[in-house]
Amino acid sequence: MPPASHSEIDAAAALLKKGGVVAFPTETVYGLGAEVSSPSAVARIFEIKKRPLDHPLIVHFADASRLSHWAREVPQQAWRLAECFWPGPLTLILPRSRHVPEKVTGGQDTVGLRVPDHPVALALLRELGPDRALAAPSANRFGHVSPTTAAHVREEFGDELDMVLDGGPCQVGLESTIVGFEGQTAVILRPGGIQLAALAEVLDGNVMLSQEAERSVRVPGALPSHYAPSTPLELLPADPLWARALELEAKGMRVAVMGWRRREHSLPRHHPENEPVVFSAMPEEPEEYARQLYATLRRFDRGHFDRLLVEKPPETAAWVAIADRLRRASSRTHPGANAVLRGEQSSSSLTREDENETIYGQTG
């Protein structure tokens with residue numbers, strides 16, 4: 001479908017100003033938006049998503065120059081990141097201003113702020129006006145796979161929403177990178193659409209990856225089980241993955257496999273969708289893999305498989321956000337997955353030179 005028209009954007013803005021809830025596209029995933037100053041609309045988002053009330057929402061606005069309107073204090077490091085990466089898939093955690101209600105932040109004194117990089121989202125936010133913003137989580141039930149098309153949103157919610165703006169498939173496909181600050185150091189609280197090396201280059205290496213157990217700030221998408229399909233998901237290296245697929249097939253189970261290499265000796269060359277084991281070849285480049293990940297998980301969920309087996313991604317910086325999402329998606333199947341360390345480099349400063357050599361540990 002073509003992107004939302006000007007008249008559709010105008011209609012969505014009018015609904016939001018009246019306290020409505022509207023799904024809208026961003027470059028990362030589709031968001032479920034309510035005007036930030038509308039208590040009833042914000043409460044409705046939590047109700048529709050079945051989201052815990054202490055789980056914060058991200059505030060989306062149209063122009064980086066308005067950052068100090070929504071944040072009480074903005075350190076110089078935050079301004080540098082905003083100037084470089086906004087509009088874009090970066091969320092900054094900062095002390096909330098009086099314009100951000102506690103209901104939006106889950107009762108915390110900090111708020112996640114970002115300027116999305118999508119023409120429909122930006123047009124909608126500009127239509128709302130400079131002193132308005134959207135409190136918006138991803139447009140899916142809490143903990144489920146995030147939506148990257150308008151069709152995914154409609155599948156999830158049916159007619160529960162006031163409107164769904166269609167902006168086509170999301171170009172990034174993973175949620176934003178969330179960054180907090182400890183003095184002069186930026187702390188990655190959730191890896192996402194911007195890689196760590198890019199942040200480190202802007203901040204002269206003053207970036208570190210947070211240890212989850214040490215976090216004092218609650219951020220979206222940080223629970224042990226998140227981004228999870230309904231189908232139980234197992235995350236395995238290539239050889240054990242195929243052995244596991246054949247083991248489950250022998251038990252009469254239907255299995256979907258996501259990986260890079262088909263095992264020709266294990267499966268027929270042409271394997272139709274109604275066979276016990278179905279293989280989906282995933283892209284070898286992390287950017288394209290991220291773009292396709294959630295849509296592939298949703299497609300297999302619709303296929304009524306008994307188990308979903310996913311090949312572990314490479315343990316390098318370029319894949320860390322994907323590994324994070326897959327680790328959380330597999331948490332219910334592998335309860336110990338989130339106890340695995342990310343590696344000794346996780347709290348050290350990162351530079352562009354060591355990006356390709358840093359290993360972030362096991363992911364499942």
Residue that is nearest to LEU125 (Cα to Cα), among those in the range 155-171 that are surrounded by fewer than 17 Cβ atoms within 10 Å (Cβ to Cβ) and under 18 Å from the mean Cα position of the chain (by Cα): GLY168
Spot the failing condition for ARG307; the list is (1) modelled with pLDDT of 95 or more; (2) surrounded by fewer than 23 Cβ atoms within 10 Å (Cβ to Cβ); (3) more than 12 Å from MET258 (Cβ to Cβ), and only one is missed. (3)
Within the range 138-154, which residues are at pLDDT 95 or above and open to solvent by 10 Å² or more (accessible area, probe 1.4 Å)? SER138, THR149, ALA151, HIS152, ARG154
Apart from one, (1) open to solvent by 10 Å² or more (accessible area, probe 1.4 Å); (2) modelled with pLDDT under 95; (3) on the phi < 0 side of the Ramachandran plot all hold for LEU196; the odd one out is (1)
Looking at (1) under 15 Å from the mean Cα position of the chain (by Cα); (2) crowded, with 24+ Cβ neighbours inside 10 Å, which is the one condition that is false for VAL100? (1)
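Does ALA13 qualify as being part of a helix (DSSP H, G or I), on the phi < 0 side of the Ramachandran plot and buried (at least 20 other Cβ atoms within 10 Å of the Cβ)? Spell out how you get there, then give the answer.
Working: part of a helix (DSSP H, G or I): yes; on the phi < 0 side of the Ramachandran plot: yes; buried (at least 20 other Cβ atoms within 10 Å of the Cβ): yes.
Yes.
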For the subset of the range 23-41 comprising residues that are farther than 13 Å from ARG132 by Cβ and β-branched (Val, Ile, Thr), which member is farthest from the chain's Cα centre (by Cα)? THR26
Suppose we filter the range 209-245 for residues that are charged (D, E, K, R), modelled with pLDDT of 80 or more and closer than 29 Å to GLY31 by Cβ; how many remain? 0
Since PRO286 meets every condition but one in (1) open to solvent by 60 Å² or more (accessible area, probe 1.4 Å); (2) modelled with pLDDT of 95 or more, which condition does it not meet? (1)
Any residue at all in the range 89-101 that is in contact with a Pro (Cβ under 7 Å, 6 or more places away or on another chain) and under 29 Å from GLN195 (Cβ atoms)? no
Going residue by residue through the range 272-280, is there one that turns out to be assigned to a strand (DSSP E or B), modelled with pLDDT under 95 and open to solvent by 20 Å² or more (accessible area, probe 1.4 Å)? yes
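Return yes when ARG190 is within 30 Å of GLY20 (Cα to Cα) and open to solvent by 60 Å² or more (accessible area, probe 1.4 Å) and no when it is not. I'd like the intermediate steps shown before the answer.
Working: within 30 Å of GLY20 (Cα to Cα): yes; open to solvent by 60 Å² or more (accessible area, probe 1.4 Å): no.
No: the conditions fail for ARG190.
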Filter the range 37-53 down to the residues that are among the basic types (Lys, Arg) and open to solvent by less than 70 Å² (accessible area, probe 1.4 Å), then identify the one that is farthest from LEU15 (Cα to Cα). ARG51
Which residue pairs have Cβ atoms under 7 Å apart, sit 6 or more places apart or on different chains, and have a first residue in the range 3-16 that is among the acidic types (Asp, Glu) and a second that is open to solvent by 40 Å² or more (accessible area, probe 1.4 Å)? ASP10/GLU127
With respect to LEU113, is the statement that it is open to solvent by less than 20 Å² (accessible area, probe 1.4 Å) and either modelled with pLDDT under 95 or not β-branched (Val, Ile, Thr) (or both) true? yes
Unique match (being closer than 30 Å to ASP306 by Cβ, in contact (Cβ under 8 Å) with a residue 40 or more places away in the chain and open to solvent by less than 50 Å² (accessible area, probe 1.4 Å)) among LEU174, LEU128, LEU209: LEU174
The residue from LEU174, LEU189 that alone is part of a strand (DSSP E or B) and among the aliphatic types (A, V, I, L, M) is LEU189
Could you check the range 1-48 and list, in sequence order, the residues that are modelled with pLDDT under 95 and closer than 20 Å to GLU155 by Cα? MET1, PRO2, PRO3, ALA4
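Any residue that is of a type outside the set (Lys, Arg) and at positive phi - is there at least one of those in the range 19-34?
Of the residues in the range 19-34, the ones of a type outside the set (Lys, Arg) are 19-34.
Of the ones still in play, those that are also at positive phi are 19.
The answer is yes, given that some residue of the range 19-34 is of a type outside the set (Lys, Arg) and at positive phi.
The values are calculated or read from the model by the stated rules, or taken from the named source; none is laboratory data. Quick caveat: nothing in here was measured; it's all calculated off a predicted structure. Positions of Cβ are generated from backbone atoms using ideal geometry, with glycine treated the same way; all protein chains shown enter the neighbour counts. In case anyone asks, the SASA skips ligands and DNA or RNA and just uses the protein heavy atoms, side chains included. Shrake-Rupley method; radii C 1.70, N 1.55, O 1.52, S 1.80 Å.
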